[in-house]
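Engineer: Before I ask anything, let me first share the structure, which is written out below as structure tokens.
The values are calculated or read from the model by the stated rules, or taken from the named source; none is laboratory data. Note that this is a predicted model, so its numbers are computed, not measured. Reconstructed Cβ throughout: ideal geometry from the backbone, glycine too, with neighbour counts over all protein chains shown.
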Amino acid sequence: MRLTFNLHYYTTLGQQIFLSGSYDELGAWDPFKTIPLESKPNGFWEISLDLQPSDERLEYKYFMLDTSGNKHWEWGNNHFIDLKSHPQHDFYIADKWNNPSPAEKILYKASFQNVIMKPGKNKAPIADLEDDRIFQLRIRVPRIGGNYKVCVLGNQNQMGNWDRAKPLILECGDDFPVWSGQINLDELHFPIHYKFGIWDVREEKIATLEEGFDRELAGIPELPGRVVFVKTDRNFRYPLGNWKGAGVAVPVFSLRSGNSFGSGDFTDLIDFIDWAKSVGMKMVQVLPVNETVASHNWLDSYPYKSISVMALHPIYLNLDKIGRLNDPKLMEEFAAHQEQLNQEIHVDYPEVHRLKSRYYKLIFDQDGEKLFNSNSFKQFFRANKDWLVPYAAFVYLRDQFKTPDFRQWGDFRRYDRYKIEALSEPGAPTRDDVVVHYFIQYHLDKQLKEAANHARKNGIILKGDIPIGISPNSVEAWTEPHLFNLDSQAGAPPDDFAVKGQNWGFPTYNWEEMAKDNYSWWVRRMQKMTDYFDTYRIDHILGFFRIWEVPSDSVEALLGHFNPALPLSAEEIESHGIRFDYERFTQPYIRHHLLVERFGEETEQIIAQYLDDLNNQKYRLKEQFDTQQKINTHFLKGIEEEDLDDEKRKIRDGLFDLAANVILVSTGYNQWHPRISMTKTSSFDELDYWTKERLTEIYNNYFYKRHEEFWYAKGMEKLPAITTVGDLLVCGEDLGMIPACVPKAMDELNILSLEIQRMPKDPNKKFAHPADAPYLSVCTTSTHDMSTIRGWWEEDRAKTQLFYNQELGNWGAAPYFAEPEICQQIVTQHLYSPAMWVTLPIQDLLAMDSELRWDETQQEQINLPANVRHKWRFRMKQSIDELKKADKFNELLRSLIKSTGRNSDY
């Protein structure tokens with residue numbers, strides 16, 4: 001059997017094409033036994049080999065060796081030839097180098113190939129052809145729904161002679177997305193003109209045909225004897241342009257149904273997915289669903305501070321699905337609580353969690369041992385034991401010691417695997433209190449998988465969320481403390497939504513330690529996500545390049561710095577022509593006139609209680625108040641943040657401002673970083689002109705130029721190992737101060753960006769128009785950290801007016817409220833965006849309907865980022881069942897999605 005490989009690929013002088021494959025004659029994938037191809041005219045490369053026929057199919061791939069000795073392999077899966085189907089034939093393989101566009105590469109992700117474009121009725125084996133001389137046509141087409149096949153229409157009898165009712169139908173077999181068809185070679189006449197099309201299996205007709213010029217094959221080499229000529233094509237030319245989809249974002253806890261228990265649960269997702277599908281959507285996006293219970297109060301409602309990155313939150317369990325209690329009085333009691341909680345406008349997080357926890361304990365006592373003896377539980381336990389055992393012990397010890405701070409757990413403060421496993425051993429007095437959490441997690445896993453599988457079955461991507469941080473009082477911090485910097489706090493620098501930045505209170509990652517085993521902690525975390533989600537959003541993807549690290553003695557984020565970073569030395573600062581004045585640059589700048597401006601009539605009282613007088617109207621904070629943490633502890637002694645009265649809050653926050661009124665912050669001896677927003681401080685404002693100009697020069701270089709290559713390298717060390725797990729579609733939340741290296745790395749890794757109209761990435765623009773969004777992005781009207789369209793509309797009249805005229809193209813005065821027509825105009829504008837995904841919050845979609853939208857506009861905002869103690873309690877006004885019956889709204893949304901081309905199956 002003779003095989004001739006002919007590749008069309010243009011190279012430059014000195015570059016060489018090689019072939020490597022699965023057969024011995026092709027080197028058996030040995031990099032030292034690859035075969036060089038011979039250069040031919042017009043960009044062709046060729047090699048002929050004699051092979052022994054085999055039942056194993058041949059897989060192979062090309063690579064280019066450049067003049068520096070670097071190998072550049074083709075993108076994607078291997079080429080293949082099934083030699084066993086034609087063991088008496090020679091093969092002539094006319095290949096093209098496989099390097100699809102970024103827009104097509106993304107469609108090879110498992111998110112598409114296993115869900116949206118998953119083969120269905122189109123999956124059939126390639127028909128055998130017993131002719132002596134065979135022409136085989138191939139093309140990779142990943143973008144095609146399960147009810148369609150690829151077809152070929154052309155100027156040959158076997159291609160229908162351009163009759164749209166008689167095309168050559170291609171098949172994919174088990175090799176999706178490679179489509180192949182075979183016809184008799186001797187019956188062809190050259191030149192061949194043809195186009196690929198999409199064949200509707202149900203309607204038995206061509207749904208669409210490629211746009212542009214005909215493809216042409218002028219002729220083929222003279223091939224004597226029995227031969228299979230394999231012609232490989234690429235790049236199906238869709239008249240619709242790039243594929244685009246629509247999605248909806250909603251927290252699971254916000255879903256409302258008659259079957260839930262005061263908050264949305266995993267079972268509610270199933271009905272919500274059905275609604276999303278009915279209006280033409282392809283994605284449902286949720287907030288993080290990991291366990292966050294630390295204090296058994298409202299603070300636990302914050303979903304981005306998990307106590308376990310593996311365990312699911314018990315609040316999302318549907319009680320009916322776990323089983324019914326045998327005691328009818330108890331069932332009546334819980335039914336009454338359920339009815340009451342389901343009538344609440346908001347999610348009563350503490351009460352829902354308290355009552356559900358009680359139910360879990362009761363049903364565990366009733367049915368737990370029976371479940372533990374089942375094969376399904378044993379399988380779950382085996383697959384999850386590594387994280388489940390320490391998690392369950394952590395939760396038990398948290399409640400036993402009445403604190404999640406494991407440092408206060410006496411003999412258990414340091415994790416000891418054998419001591420922890422003993423807590424759940426048969427006969428141990430603690431066993432039931434520990435293994436109840438196995439029971440809960442088993443049911444959570446089962447219910448979320450049911451929702452995930454329902455989504456996949458219906459061609460809907462379920463999109464999860466990966467928080468950038470963990471709680472400092474978490475299972476991971478307890479069991480693997482070496483992977484974290486537990487004495488630091490992660491956050492974010494200031495932006496339009498949090499002018500003092502954000503201090504999340506998370507430890508930062510010890511990336512150097514994580515790198516030692518190629519980030520296996522992250523890999524395990526991502527692998528767990530693939531159990532439930534087919535795509536995910538990386539919260540604050542900038543944190544993989546650098547994180548905003550806040551000193552442990554700070555409350556606000558203004559005194560933070562980027563880590564890793566390249567700090568400045570005093571000598572480098574002085575090289576810019578200014579004297580390094582330690583006192584003036586690094587200590588809080590407190591002067592009498594500034595105190596008067598801040599505190600007014602209370603100035604002298606503030607000086608007497610909190611400041612040391614340095615004479616000449618200069619002051620410094622007293623030692624007992626010289627950090628924000630000390631100040632905060634003083635004001636919150638014996639009370640919670642929300643109980644602090646307005647007068648004391650004003651004084652406290654004013655003292656915070658004094659502590660942060662510096663030019664430089666330190667991270668060690670002679671290591672200095674410009675304070676973020678330095679140029680907006682009164683300390684900076686009162687410097688001389690020359691010094692301000694030089695410091696501004698240092699500031700701009702530090703934040704926007706100095707670290708580009710450094711941070712790019714840091715991000716590319718981590719993200720490839722993490723984002724390739726499961727080969728899922730990955731979206732990065734890339735908002736805030738974005739270094740130029742971040743978009744570059746995201747493009748290289750096919751990570752979708754996040755585009756928000758109100759947060760333009762171009763500092764010279766007031767708004768980011770959806771029409772300017774890049775294709776590989778998710779475009780949205782708002783996020784959980786922002787006000788809704790309606791809420792934002794009422795915040796700043798001047799900005800709203802500008803938006804109304806400039807972005808929406810309307811004349812005259814803007815209406816005071818965002819009426820349904822305005823919201824529809826904004827939503828429509830987004831749906832027409834070129835972005836791959838437009839994923840809109842449920843609140844902004846409902847805003848288009850006067851009957852469905854909530855009168856309490858400001859209550860629709862899910863989070864207030866500036867308030868770390870905010871209660872996450874937003875709940876949809878209507879139930880999912882009511883949403884399904886909202887015919888007028890659903891028809892409007894369905895028509896918008898269809899008219900903007902976001903409901904296509906191909």
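Engineer: Would you mind telling me which numbered condition in (1) closer than 19 Å to residue 291 by Cβ; (2) under 29 Å from the mean Cα position of the chain (by Cα); (3) in a loop (DSSP other than H, G, I, E, B) residue 403 fails?
Structural biologist: In the conditions (1) closer than 19 Å to residue 291 by Cβ; (2) under 29 Å from the mean Cα position of the chain (by Cα); (3) in a loop (DSSP other than H, G, I, E, B), residue 403 misses (2) alone.
Engineer: Here's a check for you: in region 226-256, which residue that is part of a loop (DSSP other than H, G, I, E, B) and among the polar types (S, T, N, Q) is surrounded by the fewest Cβ atoms within 10 Å (Cβ to Cβ)?
Structural biologist: 235
Engineer: If you don't mind, there's one more thing I want to ask. Report, by residue number, each residue of region 98-118 that is surrounded by fewer than 19 Cβ atoms within 10 Å (Cβ to Cβ) and either within 17 Å of residue 58 (Cα to Cα) or in contact (Cβ under 8 Å) with a residue 40 or more places away in the chain (or both). Reasoning before the result, please.
Structural biologist: We begin by selecting, within region 98-118, every residue surrounded by fewer than 19 Cβ atoms within 10 Å (Cβ to Cβ); these are 98-103, 105, 110, 113-114, 118.
Of everything in region 98-118, those that are surrounded by fewer than 19 Cβ atoms within 10 Å (Cβ to Cβ) and either within 17 Å of residue 58 (Cα to Cα) or in contact (Cβ under 8 Å) with a residue 40 or more places away in the chain (or both) turn out to be 98, 100, 101, 102, 103, 105, 110, 113, 114, 118.
Engineer: So for region 62-76 (the condition being small (Gly, Ala, Ser), closer than 23 Å to residue 105 by Cα and assigned by TED's automatic domain parsing to the domain that holds residue 182), does at least one residue qualify?
Structural biologist: Start the filter on region 62-76 by keeping residues that are small (Gly, Ala, Ser), which leaves 68-69, 76.
Now drop any that are not closer than 23 Å to residue 105 by Cα, which leaves 76.
When the remaining residues are screened for being assigned by TED's automatic domain parsing to the domain that holds residue 182, the result is 76.
Yes, region 62-76 contains a residue that is small (Gly, Ala, Ser), closer than 23 Å to residue 105 by Cα and assigned by TED's automatic domain parsing to the domain that holds residue 182.
Engineer: Hey, another quick one. Looking at 460, 466, which one is touching a Phe, Trp or Tyr at 6+ places or on another chain (Cβ under 8 Å) and either surrounded by fewer than 20 Cβ atoms within 10 Å (Cβ to Cβ) or in the same structural domain as residue 289 (by TED's automatic domain parsing) (or both)? Don't jump to the end; show me each part of the working.
Structural biologist: Values: 460 fails: touching a Phe, Trp or Tyr at 6+ places or on another chain (Cβ under 8 Å).
466 is the lone residue from the list that is touching a Phe, Trp or Tyr at 6+ places or on another chain (Cβ under 8 Å) and either surrounded by fewer than 20 Cβ atoms within 10 Å (Cβ to Cβ) or in the same structural domain as residue 289 (by TED's automatic domain parsing) (or both).
Engineer: Identify the residue in region 297-348 that is under 22 Å from residue 881 (Cβ atoms) and acidic (Asp, Glu) and, among all such residues, is surrounded by the most Cβ atoms within 10 Å (Cβ to Cβ).
Structural biologist: 348
Engineer: For the list (1) assigned to a helix (DSSP H, G or I); (2) under 24 Å from the mean Cα position of the chain (by Cα), I need the number of the one condition that residue 573 fails.
Structural biologist: Tallying (1) assigned to a helix (DSSP H, G or I); (2) under 24 Å from the mean Cα position of the chain (by Cα), residue 573 fails exactly one: (2).
Engineer: Then there is this: Mind checking which residues of region 598-611 are acidic (Asp, Glu) and in contact (Cβ under 8 Å) with a residue 12 or more places away in the chain?
Structural biologist: 602 - this is the single residue of region 598-611 that is acidic (Asp, Glu) and in contact (Cβ under 8 Å) with a residue 12 or more places away in the chain.
Engineer: Collect the residues in region 185-208 that are over 19 Å from residue 171 (Cβ atoms) and in contact (Cβ under 8 Å) with a residue 40 or more places away in the chain, keeping them in residue-number order.
Structural biologist: 186, 188
Engineer: Are any residues in region 494-520 in contact with a helix residue (DSSP H, G or I) (Cβ under 6 Å, 6 or more places away or on another chain) and either in a helix (DSSP H, G or I) or surrounded by fewer than 21 Cβ atoms within 10 Å (Cβ to Cβ) (or both), and if so, which ones?
Structural biologist: Once the filter is applied, which keeps residues that are in contact with a helix residue (DSSP H, G or I) (Cβ under 6 Å, 6 or more places away or on another chain) and either in a helix (DSSP H, G or I) or surrounded by fewer than 21 Cβ atoms within 10 Å (Cβ to Cβ) (or both), region 494-520 yields 510, 513, 514, 518.
Engineer: Sort through 365, 386 and tell me the only one that's modelled with pLDDT of 95 or more, among the charged types (D, E, K, R), under 24 Å from residue 262 (Cβ atoms) and in a helix (DSSP H, G or I).
Structural biologist: Details: 386 fails: under 24 Å from residue 262 (Cβ atoms).
Checking each option against the conditions leaves just 365.
Engineer: Is there a residue in region 696-713 that is exposed (fewer than 14 other Cβ atoms within 10 Å of the Cβ), β-branched (Val, Ile, Thr) and either at pLDDT 95 or above or on the phi < 0 side of the Ramachandran plot (or both)?
Structural biologist: no
Engineer: Against the definition (basic (Lys, Arg) and at pLDDT below 95), how does residue 799 come out, yes or no? Before the answer, list the steps.
Structural biologist: Details: basic (Lys, Arg): yes; at pLDDT below 95: no.
No; evaluated as a whole, the condition is false for this residue.
Residues are listed down the side, and each one gets a yes or a no for (1) more than 24 Å from residue 386 (Cα to Cα); (2) basic (Lys, Arg); (3) in contact with a Ser or Thr (Cβ under 7 Å, 6 or more places away or on another chain):
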residue	(1), (2), (3)
276	yes, no, no
291	no, no, yes
313	no, no, yes
317	no, no, no
325	yes, no, no
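Engineer: Does residue 774 satisfy the condition of being surrounded by 15 or more Cβ atoms within 10 Å (Cβ to Cβ) and outside any helix (DSSP H, G or I)?
Structural biologist: The answer is yes for residue 774.
Engineer: Residues 457, 463, 446: which one is in contact with an Asp or Glu (Cβ under 9 Å, 6 or more places away or on another chain) and modelled with pLDDT of 95 or more?
Structural biologist: 463
Engineer: Also, I was wondering about something else. Quick check on my filter: what residues within region 352-385 are surrounded by 15 or more Cβ atoms within 10 Å (Cβ to Cβ), touching a Phe, Trp or Tyr at 6+ places or on another chain (Cβ under 9 Å) and closer than 22 Å to residue 873 by Cβ?
Structural biologist: The answer is 352, 355, 356, 359, 360.
Engineer: Suppose we filter region 774-811 for residues that are free of Cβ contacts under 8 Å to residues at least 24 places away in the same chain and not basic (Lys, Arg); how many remain?
Structural biologist: Qualifying residue count, region 774-811: 11.
Engineer: Turning to a different aspect of this structure: Is it the case that region 734-748 has a residue that's assigned by TED's automatic domain parsing to the domain that holds residue 621 and under 19 Å from residue 567 (Cα atoms)? Write out each step before concluding.
Structural biologist: Start the filter on region 734-748 by keeping residues that are assigned by TED's automatic domain parsing to the domain that holds residue 621, which leaves none.
There is no residue in region 734-748 that is assigned by TED's automatic domain parsing to the domain that holds residue 621 and under 19 Å from residue 567 (Cα atoms).
Engineer: While we're on this one: Kindly provide the set of residues from region 60-90 that are farther than 14 Å from residue 11 by Cα, among the aromatic types (Phe, Trp, Tyr) and touching a Phe, Trp or Tyr at 6+ places or on another chain (Cβ under 8 Å), ordered by number.
Structural biologist: Answer for region 60-90, where residues must be farther than 14 Å from residue 11 by Cα, among the aromatic types (Phe, Trp, Tyr) and touching a Phe, Trp or Tyr at 6+ places or on another chain (Cβ under 8 Å): 60, 80.
Engineer: Given the criteria among the small types (Gly, Ala, Ser), in contact with a helix residue (DSSP H, G or I) (Cβ under 9 Å, 6 or more places away or on another chain) and assigned to a helix (DSSP H, G or I), does residue 357 qualify? Don't jump to the end; show me each part of the working.
Structural biologist: Numbers: among the small types (Gly, Ala, Ser): yes; in contact with a helix residue (DSSP H, G or I) (Cβ under 9 Å, 6 or more places away or on another chain): yes; assigned to a helix (DSSP H, G or I): yes.
So residue 357 passes the test.
Engineer: Then there's this: Tell me, please, whether a residue that is in a strand (DSSP E or B), of a type in the set (Lys, Arg) and either in contact with an Asp or Glu (Cβ under 9 Å, 6 or more places away or on another chain) or in the same structural domain as residue 131 (by TED's automatic domain parsing) (or both) can be found in region 30-41.
Structural biologist: Within region 30-41 (the criterion being in a strand (DSSP E or B), of a type in the set (Lys, Arg) and either in contact with an Asp or Glu (Cβ under 9 Å, 6 or more places away or on another chain) or in the same structural domain as residue 131 (by TED's automatic domain parsing) (or both)), the answer is yes, since at least one residue qualifies.
Engineer: Step by step: first the residues of region 732-751, then only those that are closer than 21 Å to residue 75 by Cβ and touching a Phe, Trp or Tyr at 6+ places or on another chain (Cβ under 7 Å), then the one that is surrounded by the fewest Cβ atoms within 10 Å (Cβ to Cβ). Which residue is that?
Structural biologist: Top of the filtered list is 744.
Engineer: Go over the candidates 581, 553 one by one and state the one that is out of contact with any Phe, Trp or Tyr (no Cβ under 9 Å at 6 or more places or on another chain), in contact (Cβ under 8 Å) with a residue 12 or more places away in the chain, more than 30 Å from residue 722 (Cα to Cα) and not basic (Lys, Arg).
Structural biologist: 553
Engineer: Just to be sure I understand, how many residues within region 553-598 are charged (D, E, K, R) and within 16 Å of residue 672 (Cβ to Cβ)? Steps first, please.
Structural biologist: First, the residues of region 553-598 that are charged (D, E, K, R): 553, 556, 571-572, 574, 579, 581, 583-584, 591, 597-598.
In the following step, the residues that additionally are within 16 Å of residue 672 (Cβ to Cβ) were identified as 571-572, 574, 579, 581, 583-584.
Residues meeting the conditions: 7.
Engineer: Only one of 666, 677 is surrounded by fewer than 20 Cβ atoms within 10 Å (Cβ to Cβ), polar (S, T, N, Q) and touching a strand residue (DSSP E or B) at 6+ places or on another chain (Cβ under 7 Å); which?
Structural biologist: 666
Engineer: Moving to a separate point now. So residue 13 passes all but one of these: (1) within 15 Å of residue 94 (Cα to Cα); (2) part of a loop (DSSP other than H, G, I, E, B); (3) out of contact with any helix residue (DSSP H, G or I) (no Cβ under 8 Å at 6 or more places or on another chain). Which condition number does it fail?
Structural biologist: Every condition holds for residue 13 apart from (1).
Engineer: When only residues in region 690-738 that are part of a loop (DSSP other than H, G, I, E, B), touching a residue at least 40 places away in the same chain (Cβ under 8 Å) and of a type outside the set (A, V, I, L, M) count, which is farthest from residue 109 (Cα to Cα)? Give the derivation first.
Structural biologist: Taking region 690-738 as the starting set, the residues that turn out to be part of a loop (DSSP other than H, G, I, E, B) are 705-707, 724, 728, 733-738.
If we keep only those that are touching a residue at least 40 places away in the same chain (Cβ under 8 Å) too, we end up with 706-707, 728, 733-738.
Adding the requirement that they be of a type outside the set (A, V, I, L, M) leaves 706-707, 733-734, 736.
Details: 706: 35, 707: 32, 733: 19, 734: 21, 736: 28 Å.
Applying the filter and picking the extreme gives 706.
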